[in-house]
Amino acid sequence: MSVDRYGVMGYPISHSRSPVIHRLFAMQTNQELQYELLQVSPEKLESAVRQFQRTGGKGLNITVPHKGEVTRLVDQLSERASTAGAVNTLIFKEGEIHGDNTDGFGLLRDLVVNLELSLEDTNILILGAGGATRGIVGPLLEMQPASVRIANRTLGKAQALADHFSRSGPVTACRFNVIPVTESYDLIINATSAGIHGDTPPYPTAAVSDETVCYDLSYGLSPTPFSLWAREHGAAKAVMGWGMLVEQAAESFRLWRNVRPDTAEVLQHMNITA
Ligand code: ATR
């Protein structure tokens, strides 16, 4: 019998750690599977997904820049993927494509389980209002924070997200450089893509105190510009998104294989501390 096939599709994709993570999960849980790196440009996305399905593929991770576009190709969309407006996990079964999104779950597991943060009644500031923010606001609101403020360089995008989620909890929007510091923030999440482009925007210095945890959805082998900034400004903790990466992968793996890997062991193996 042939080995079940999985993979990650993105553009570019060579930097992806997903193959390493999923191979470690497979070893740890004694699952036999193959996990490929698939570089697919936007105009080839549909044909590549259909071909993967036709040739017996069992599941895919979908990453930048395809997470929004791929929602059009799925037969069944999970509620969390629908809320996020994005899919990072495809499951192929019984001739249908199921789309799910494990990013928000991954972030919450990292915050609540690995970092042992309690989010209830906290004030949360999210920097950025793109696809990454849209994926995490819903799951964060489920933890019943006192407030979630979305700050963005372009106010209209932050306002649109705040309006979209306002039925689910206390979300407000403001411009990136005029964050009202009426309360101190317990958690600041950087969801901008500024660091990826090597930029350090004027992050709101007054929003950080020595009780603030700063979490960057981006990660790297050396500290990201946002985590350096957080340390310089006296944050209690500056964390990069390695834990979220491994946790979202573990949830995808569970959806595919019906077994939950031990993420702490994998984070250790990758020499990354949660
Ligand atoms: P993603 O889907 O990964 O979130 P995106 O939709 O392109 O990516 O969103 C990127 C986010 O980073 C946006 O909030 C963007 O701000 P604008 O909406 O004003 O464009 C933010 N961003 C990117 N580069 C930035 C920079 N140099 N300074 C501040 N914000 C930046």
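The values are calculated or read from the model by the stated rules, or taken from the named source; none is laboratory data. Everything numeric in this text was worked out from a predicted model, so none of it was measured. Reconstructed Cβ throughout: ideal geometry from the backbone, glycine too, with neighbour counts over all protein chains shown. Heads up: the accessible areas ignore ligands, DNA and RNA and are worked out on the full protein's heavy atoms, side chains in. Shrake-Rupley method; radii C 1.70, N 1.55, O 1.52, S 1.80 Å.
At-a-glance table
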item	result
Förster radius 22 Å - calculated FRET efficiency between Ala206 and Leu155 (Cβ-Cβ, nearest 0.05)	0.75
Cα-based shape type of the chain, given that a ≥ b ≥ c are square roots of the gyration tensor eigenvalues and the cut on a/c is 1.5	prolate
Full-stretch length increase - Arg231, Val112 - with 0.36 nm per residue and alpha-carbon distance subtracted	40.7 nm
Proximal aspartates and glutamates to Lys44, defined as alpha-carbon separation beneath 14 angstrom and excluding residues fewer than eight positions away on the same chain	Glu69
Charge context of Glu69, other residues only, Cβ under 13 angstrom, K/R +1, D/E -1	+1
Three-way shape call for region 104-240 based on the alpha-carbon gyration tensor, with the a/c threshold at 1.5	rounded
Percent of beta bridges antiparallel (DSSP, the chain, rounded to nearest 5)	20
Sequence ranges 220-226, 139-145, ranked by mean other-Cβ count within 10 angstrom, highest first	139-145, 220-226
Surface per residue (accessible, 1.4 Å probe) for the chain, Å²	48
Cα centroid separation, region 200-274 to region 30-45 (Å)	24
Region 104-240, accessible surface, carbon-and-sulfur percent (1.4 angstrom probe)	49
Unit charges at the beta carbon, dipole of region 104-240: most positive-side option, Cys214, Ala160, Tyr203	Ala160
Where labels lie 7 Å past Cα in the beta-carbon direction, separation of Ala264 and Glu32 in nm	3.2
Estimated inter-spin distance, Val3 and Asp75, nm [label 7 Å along Cα→Cβ]	2.8
Alpha carbon Rg of region 132-176, scaled by the compact-globule rule 2.2 N^0.38 Å	1.02
Potential extension, Gln39-Ala146 segment - 0.36 nm per residue separation minus Cα distance	34.4 nm
